[in-house]
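Written out below as structure tokens is the structure these notes cover.
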Amino acid sequence: MRIIGPDELVFGVDDLNACRTFLVDYGLDEENWEDGKGGTFVALDNTAITVRARDDSSLPKPLPSGSTLRQTIYGVEDASVLDEIEAELSTDREVTRDGNGAIALVDDVDMALKFQVTRRIDLDLEAELINSPGAAPLRGVNKIGALQDAPAKPRTLSHIVYFTPDMTKHEAFYVERLKFVVTDRFTNVGPFLRPQACKDHHTLFMLATPPYMQGLEHLAFHMQGPTDLMLAGSRLVQKGYESFWGPGRHKFGSNWFWYFNCPLMTHFEYDADMDIHDDDWAPREIDVSAEASQLFLFENVEKWFPGAGPKD
């Protein structure tokens, strides 16, 4: 099944205005907004976050946990993939179609899903360029690498992480029914998964948790590279948002990361430089630990010059 990855996440929130401010500060562009109703915010490739009022009757029903995530929308390559998914999943659950041909259903642990022909647009943007001794320069003569006013915009919705109450059932749904591929695994914690039409190390990770925690642990958007990640994260800190984890670099996936708390009541991550894999990749499995999860981790400490320390 040629599923690409998450196209859009839909939330039901308590404070629409605070969420609106955060999503713009995070770097997404406001696509539309209606006071009291909410709106949609997009990355450079048009993948999106939509926020609605928690009691909006148009939203799928909430999880018993109270998670603000109300629907995960996946993009697929074309309409034939929607037909394939409908044929597979309508055998044991209700599958509905909307006027645009998108299909909606719930997965095997009652989380609301939607599949649509992707809203993503192709990007033709410059990668982060480095100059490395012993190799030809990638950033040319007189081209500056550290630009304080660089836009540092999220490029595409990268991945999501679920708290799930039944790991065996949930993993089987994505692997056996939707043909996701396991790339790596933390033993007794959960798998990293990628759909068939994506080579990213993962677009979905699961963490086994009690039912009262079910929902979204975090989501991430890919940045141009580590410099954009550090710049965007620093700007959020300067605006008063609380860093949750990072900056650092993961081992599984190799992606740089920086997570933040936010009024959507989940964690928003910037990530950059994730590994890509094909079907020749052999999944790894290890016990989870700080050493297994992060190659290194920085702290956001005020030190502006060698020998300078925090202000009194």
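The values are calculated or read from the model by the stated rules, or taken from the named source; none is laboratory data. Source: prediction; values computed, not measured. Note that each Cβ is placed from the backbone with ideal geometry, even for glycine, and that neighbours are counted across all protein chains shown.
Checked against the criteria, Ser67 counts as modelled with pLDDT of 95 or more, of a type in the set (S, T, N, Q) and not in a helix (DSSP H, G or I).
All conditions in (1) over 14 Å from Asp273 (Cβ atoms); (2) in a strand (DSSP E or B) hold for Gly233, with the sole exception of (2).
Residues checked against (1) modelled with pLDDT of 95 or more; (2) in a strand (DSSP E or B); (3) surrounded by fewer than 21 Cβ atoms within 10 Å (Cβ to Cβ); (4) in contact with a strand residue (DSSP E or B) (Cβ under 6 Å, 6 or more places away or on another chain):
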| site | (1), (2), (3), (4) |
| --- | --- |
| His170 | yes, no, no, yes |
| Phe173 | yes, no, yes, no |
| Val182 | yes, yes, yes, yes |
| Asn188 | no, no, yes, no |
| Ala197 | yes, no, yes, yes |
| Phe205 | yes, yes, no, yes |
| Ala220 | yes, yes, no, yes |
| Gln224 | yes, no, no, no |
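Scanning segment 94-117 for residues that are of a type in the set (Gly, Ala, Ser) and either part of a strand (DSSP E or B) or surrounded by fewer than 16 Cβ atoms within 10 Å (Cβ to Cβ) (or both), we see that the one that is nearest to the chain's Cα centre (by Cα) is Ala112. In this entry, Asp45 passes the filter for residues that are modelled with pLDDT of 95 or more, of a type outside the set (A, V, I, L, M), surrounded by 16 or more Cβ atoms within 10 Å (Cβ to Cβ) and within 28 Å of Gln196 (Cα to Cα).
Within segment 54-92, track down each residue that is among the aliphatic types (A, V, I, L, M) and farther than 22 Å from Ile160 by Cβ.
At the first step, the residues of segment 54-92 found to be among the aliphatic types (A, V, I, L, M) are 59, 63, 69, 73, 76, 79, 81-82, 85, 87, 89.
If the condition is that a residue be among the aliphatic types (A, V, I, L, M) and farther than 22 Å from Ile160 by Cβ, then Ala79, Ala87 are the ones that fit.
Checking the structure you have, find out if any residue of segment 119-131 is polar (S, T, N, Q), surrounded by fewer than 12 Cβ atoms within 10 Å (Cβ to Cβ) and free of Cβ contacts under 8 Å to residues at least 24 places away in the same chain. There is no residue in segment 119-131 that is polar (S, T, N, Q), surrounded by fewer than 12 Cβ atoms within 10 Å (Cβ to Cβ) and free of Cβ contacts under 8 Å to residues at least 24 places away in the same chain.
Annotation: of all residues in segment 250-288 being aliphatic (A, V, I, L, M) and assigned to a loop (DSSP other than H, G, I, E, B), the one that is farthest from Thr227 (Cα to Cα) is Ala282.
Per the listing Thr50, Thr91, Thr21, the residue uniquely assigned to a strand (DSSP E or B), β-branched (Val, Ile, Thr), at pLDDT 95 or above and surrounded by fewer than 22 Cβ atoms within 10 Å (Cβ to Cβ) is Thr50. Count of segment 30-55 residues, restricted to those that are more than 11 Å from Leu16 (Cα to Cα) and without any contact (Cβ under 8 Å) to a residue 24 or more places away in the chain, is 5. If you go through segment 246-301 and keep only what is surrounded by 15 or more Cβ atoms within 10 Å (Cβ to Cβ) and among the acidic types (Asp, Glu), you end up with Glu269, Asp271, Asp273, Asp275. Just one residue in the set Ala43, Ala79 is more than 15 Å from the chain's Cα centre (by Cα) and small (Gly, Ala, Ser); that residue is Ala79.
Put simply, of Trp281, Trp258 the only residue that is of a type in the set (A, V, I, L, M, F, W, C) and either touching an Asp or Glu at 6+ places or on another chain (Cβ under 6 Å) or within 21 Å of Leu9 (Cβ to Cβ) (or both) is Trp258. Restricting the first member to segment 201-229 and to residues that are free of Cβ contacts under 8 Å to residues at least 12 places away in the same chain, and the second to residues that are in a strand (DSSP E or B) and buried (at least 21 other Cβ atoms within 10 Å of the Cβ), no beta-carbon pair is closer than 9 Å while six or more apart or on different chains.
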